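A.B. asks: A single structure is presented below for examination.
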Amino acid sequence: MDGHLRVERLSPFDLLMPRTYVRMLLVFRTSASVATVSERLNIGLATLSKQAPWITGRVFPTTPVSSEPQRLELRWKVEAGPLVLADVGSIAESYEALSEAGMPPSAFPPSVWPLDDMDEDTFSREGALVFGASVFGFADYQGIGLGICMHHNVTDATGLTEIIKVWAGNILASEPITLPPLTGRIEYLRAALSDKIEKASNKPLDNLIRELQSILGDSASKPITTNTLLCGVLWSAITRARMQRMLARPTTESSRLIMATNARRHIGSGSFGSNSDYLGNAVLYSLATSTLGDLSVSQPSLTQALAKICDVVAASQSRIDVDHVSEVYSLTERMEDYRAIFPGWDLFGSRDLVITSWANLDIYKADFGPELGTLEFIRPPFSEAADGVCIVMPRRRNIDDEKLDVMVMLRKDDLDSLEKDDRWKTLVG
């Protein structure tokens with residue numbers, strides 16, 4: 001093998017992520033030119049490329065070997081040049097108009113993103129770039145946007161946030177900031193979870209699968225947190241809106257709520273000091289189930305029904321513990337084809353709902369220097385095909401009148417019904 005080529009095998013948790021990019025659109029209010037901003041950003045990006053050279057690499061399937069199943073790995077060249085921003089021009093809308101409208105993701109065309117997803121054949125042949133970043137302006141020259149893509153098989157939104165914060169810090173810091181290592185993740189996880197993985201590995205594979213299914217299906221009474229309440233309200237309100245269109249659907253039919261959960265705190269029994277200490281993927285999914293009838297209850301029984309819904313939500317989230325994390329790791333490691341493991345939701349039947357929370361991503365504090373400063377908005381990509389996806393955006397903890405910012409992706413007629421819902425209007429008003 002080329003002595004200048006480095007290879008890192010990706011972990012079982014990395015394999016479970018969809019073969020796509022984590023995409024974040026960062027928007028800044030500034031009258032600085034794209035050229036001026038790009039110069040500083042590229043300086044920070046060049047430093048980042050030295051701090052984390054793997055970010056210049058590609059994700060590939062492993063070379064098939066008869067004795068072991070195919071997995072994924074990260075490959076990069078030690079002497080690869082620095083990453084460079086892609087200047088994608090300007091969008092037709094003004095910053096002021098979009099800011100007034102809340103910076104809707106639908107206002108940004110696909111061309112603002114630096115990387116596209118690729119088909120299976122191209123991925124197997126060429127590999128997928130780990131990271132890409134683009135810069136663009138607005139029609140009124142009052143803002144600048146950054147489109148950032150990180151391959152999801154390399155890290156999750158938490159890991160990407162730490163990388164963005166280091167990038168921003170490089171622009172202002174007189175000395176490079178230390179970035180936690182990405183390499184050795186399999187060895188680290190196995191050491192951190194060793195006792196639990198050994199226990200899970202001794203169980204027959206069929207028994208392990210049945211236990212995981214049972215854990216995900218259990219329910220119990222748990223305290224109601226802000227996140228639990230928000231998930232319960234979203235699930236209930238969206239189901240109620242959908243039922244306006246599907247009056248003939250039996251109320252005994254079930255709906256599933258799938259919630260992405262950051263499992264970092266369970267790895268190594270809390271050995272990570274903070275989320276930034278582990279850059280690999282650490283996302284697992286909790287699954288809550290309820291009937292359409294219980295979810296779509298209106299006044300006057302809504303409060304009682306919501307308490308029951310929150311109980312179901314809290315119970316499902318509580319099942320993500322160190323035993324569950326270890327069992328998922330062991331299951332994925334032992335499967336012949338890891339792609340056979342995926343969250344079982346239906347995004348085309350207008351029943352299920354997926355909620356991802358970026359609420360605790362501490363990204364609004366990232367300062368990109370005198371021209372950009374701190375960001376005004378962070379947005380996910382727009383998808384016309386998405387029906388039943390919610391993303392809780394990062395919280396602005398440094399302002400007095402903080403509000404929760406949630407992106408709701410539904411088919412248009414259901415979204416119209418949701419906006420007319422009295423309970424919903426009370427929450428968002």
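A.B. asks: From 197, 224, which residue is at pLDDT below 55, touching a helix residue (DSSP H, G or I) at 6+ places or on another chain (Cβ under 6 Å) and either crowded, with 20+ Cβ neighbours inside 10 Å or assigned by the TED database to the domain that holds residue 423 (or both)?
C.D. replies: One residue alone meets the criteria, 197.
A.B. asks: Check residue 162 against each of (1) surrounded by fewer than 20 Cβ atoms within 10 Å (Cβ to Cβ); (2) acidic (Asp, Glu); (3) at pLDDT 85 or above and name the one condition it does not meet.
C.D. replies: All conditions pass for residue 162, except number (1).
A.B. asks: Among the residues in the range 386-395, are any over 18 Å from the mean Cα position of the chain (by Cα), modelled with pLDDT under 90 and in the same structural domain as residue 246 (by the TED database)?
C.D. replies: Scanning the range 386-395, I find no residue that is over 18 Å from the mean Cα position of the chain (by Cα), modelled with pLDDT under 90 and in the same structural domain as residue 246 (by the TED database), so the answer is no.
A.B. asks: A further question on this structure: Kindly indicate the residue of the range 317-357 that is of a type in the set (Phe, Trp, Tyr) and surrounded by fewer than 21 Cβ atoms within 10 Å (Cβ to Cβ) and also farthest from residue 153 (Cα to Cα) among those meeting that condition.
C.D. replies: 348
A.B. asks: Right, here's the next one. Just for the range 140-151: of the residues that are more than 18 Å from residue 110 (Cβ to Cβ) and of a type outside the set (Ser, Thr, Tyr), which one is surrounded by the fewest Cβ atoms within 10 Å (Cβ to Cβ)?
C.D. replies: 140
A.B. asks: I've got another one for you. Any idea which residue in the range 399-426 is farthest from the chain's Cα centre (by Cα), counting only those that are of a type in the set (Asp, Glu) and in a helix (DSSP H, G or I)?
C.D. replies: Here the answer is 422.
A.B. asks: List the helices (runs of 4 or more DSSP H) inside the range 1-100, counting only whole elements, that have at least 1 residues being surrounded by 19 or more Cβ atoms within 10 Å (Cβ to Cβ) and more than 24 Å from the chain's Cα centre (by Cα).
C.D. replies: Once the helices (runs of 4 or more DSSP H) in the range 1-100 are filtered for at least 1 residues that are surrounded by 19 or more Cβ atoms within 10 Å (Cβ to Cβ) and more than 24 Å from the chain's Cα centre (by Cα), what remains is 34-51, 95-100.
A.B. asks: Quickly run through the range 304-333 and pick out the residues that are in contact with a Pro (Cβ under 9 Å, 6 or more places away or on another chain) and farther than 13 Å from residue 283 by Cα.
C.D. replies: Scanning the range 304-333 gives 314, 330, 331, 332, 333.
A.B. asks: Can you find even one residue in the range 131-143 that is closer than 18 Å to residue 280 by Cα and either touching an Asp or Glu at 6+ places or on another chain (Cβ under 6 Å) or in the same structural domain as residue 16 (by the TED database) (or both)?
C.D. replies: Looking for residues that are closer than 18 Å to residue 280 by Cα and either touching an Asp or Glu at 6+ places or on another chain (Cβ under 6 Å) or in the same structural domain as residue 16 (by the TED database) (or both), one finds at least one in the range 131-143, hence yes.
A.B. asks: In the list 230, 216, which residue meets the criterion of being part of a helix (DSSP H, G or I), in contact with a strand residue (DSSP E or B) (Cβ under 9 Å, 6 or more places away or on another chain) and modelled with pLDDT under 65?
C.D. replies: 216
A.B. asks: Say whether the condition of being charged (D, E, K, R), in contact with a Pro (Cβ under 7 Å, 6 or more places away or on another chain) and within 14 Å of residue 130 (Cα to Cα) is met by at least one residue in the range 54-69.
C.D. replies: no
A.B. asks: Look through the range 235-267, keep the residues that are charged (D, E, K, R) and farther than 30 Å from residue 13 by Cβ, and return whichever of them is surrounded by the most Cβ atoms within 10 Å (Cβ to Cβ).
C.D. replies: For the range 235-267, the residue satisfying everything is 242.
A.B. asks: Return the residues of the range 335-384 that are among the hydroxyl-bearing types (Ser, Thr, Tyr), out of contact with any Leu (no Cβ under 9 Å at 6 or more places or on another chain) and farther than 19 Å from residue 112 by Cβ; say none if nothing qualifies.
C.D. replies: 356, 374 - these are the residues of the range 335-384 that are among the hydroxyl-bearing types (Ser, Thr, Tyr), out of contact with any Leu (no Cβ under 9 Å at 6 or more places or on another chain) and farther than 19 Å from residue 112 by Cβ.
A.B. asks: Is it the case that the range 295-306 has a residue that's in a helix (DSSP H, G or I), crowded, with 16+ Cβ neighbours inside 10 Å and at pLDDT 85 or above?
C.D. replies: yes
A.B. asks: Pairs under 7 Å by beta carbon, first residue in contact (Cβ under 8 Å) with a residue 24 or more places away in the chain in the range 402-417, partner in a helix (DSSP H, G or I) and among the charged types (D, E, K, R), six or more apart or different chains?
C.D. replies: 414/242
A.B. asks: List pairs: first in the range 386-398 and outside any loop (DSSP other than H, G, I, E, B), second small (Gly, Ala, Ser), Cβ under 6 Å, 6+ apart or cross-chain?
C.D. replies: 392/357; 392/359
A.B. asks: Using the structure shown, decide if residue 287 is at pLDDT 80 or above, assigned by the TED database to the domain that holds residue 423, in contact with a helix residue (DSSP H, G or I) (Cβ under 7 Å, 6 or more places away or on another chain) and among the aliphatic types (A, V, I, L, M).
C.D. replies: yes
A.B. asks: In the range 138-154, is there at least one residue being aromatic (Phe, Trp, Tyr) and part of a strand (DSSP E or B)?
C.D. replies: No, that holds for no residue.
Let's see how each residue does on (1) at pLDDT 75 or above; (2) over 26 Å from residue 305 (Cβ atoms):
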| residue | (1), (2) |
| --- | --- |
| 207 | no, yes |
| 212 | no, yes |
| 253 | yes, no |
| 267 | yes, yes |
| 272 | no, yes |
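A.B. asks: I want to confirm something. Restricting to the range 112-137 and keeping residues that are touching a strand residue (DSSP E or B) at 6+ places or on another chain (Cβ under 6 Å) and in a helix (DSSP H, G or I), which single residue is surrounded by the fewest Cβ atoms within 10 Å (Cβ to Cβ)?
C.D. replies: 124
The values are calculated or read from the model by the stated rules, or taken from the named source; none is laboratory data. The structure displayed is predicted, hence computed values, not measured ones. Cβ atoms come from the backbone with ideal geometry, glycine included; neighbour counts cover every protein chain shown.
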